[in-house]
Amino acid sequence: MIRRPTMRRAIVAVLASASLLAPASTAVAQAAQTVPVRVCDYDWRAGTWHIKQLIKCAARRWDSPGTPDQAVSVADCESNLNPRAYSSSGYAGLFQQSTRYWPVRADQWGQDDRSVYNARANIIVSVRMAHAAGSWSPWAGCA
């Protein structure tokens, strides 16, 4: 698959200007662009314990709704903490992000060009989405 990040950014820019994907504020858009590659020093590929620690760390960093343990519970409910989880409905990764909307969400929350199966990216996008929503309501079945 050929990646065309400039084309994706152009499409996102057009949609954002049409207010379809506009972030809640300019501060959110600026913050999304400044996400460091390493949020916490846990390698999600090292196992479930590391995934849990990474989720808790991200939940504390972005002040997710509820407790860090609630963020872990949502991921556990959605995927059994399996970064390779896939549903036939088109949802994938730890927090079962929609594969249809993943490229736009990943770009919006500072994880562009990362796979939905990249647990670090999935965690960051999901925790930041929950923070912006003020709840885990996008994951209503598990929140």
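Brief remarks follow.
- Of the candidates Gln96, Gln111, the single residue that is crowded, with 22+ Cβ neighbours inside 10 Å, of a type outside the set (Gly, Ala, Ser) and either touching a Cys at 6+ places or on another chain (Cβ under 6 Å) or at pLDDT 95 or above (or both) is Gln96.
- Hits in region 78-97 (condition: among the hydrophobic types (A, V, I, L, M, F, W, C) and either in contact (Cβ under 8 Å) with a residue 60 or more places away in the chain or assigned to a loop (DSSP other than H, G, I, E, B) (or both)): Leu81, Ala85, Leu94, Phe95
- Test: residue in region 128-140 that is assigned to a loop (DSSP other than H, G, I, E, B) and either closer than 19 Å to Tyr42 by Cα or within 10 Å of the chain's Cα centre (by Cα) (or both): no
- In the condition set (1) under 20 Å from Ser135 (Cα atoms); (2) surrounded by 17 or more Cβ atoms within 10 Å (Cβ to Cβ); (3) at pLDDT 95 or above, Pro83 is compliant with all but (1).
- Leading residue by the ranking (farthest from Asp43 (Cα to Cα)) among those in region 94-120 that are touching a helix residue (DSSP H, G or I) at 6+ places or on another chain (Cβ under 7 Å) and of a type in the set (Phe, Trp, Tyr): Trp109
- Residues that are farther than 19 Å from His50 by Cβ and part of a loop (DSSP other than H, G, I, E, B) within region 98-115 comprise Thr99, Arg100, Tyr101, Trp109, Gly110, Asp112, Asp113, listed in sequence order.
- Out of Ala71, Ala75, sole residue that is at pLDDT 50 or above, touching a Leu at 6+ places or on another chain (Cβ under 6 Å) and not in a strand (DSSP E or B): Ala75
- Check on Cys40, under 16 Å from Ala119 (Cβ atoms) and at pLDDT 85 or above: no
The values are calculated or read from the model by the stated rules, or taken from the named source; none is laboratory data. Since this is a predicted model, take the numbers as computed values, not measurements. All Cβ positions, glycine included, derive from the backbone under ideal geometry; neighbour counts span all protein chains shown.
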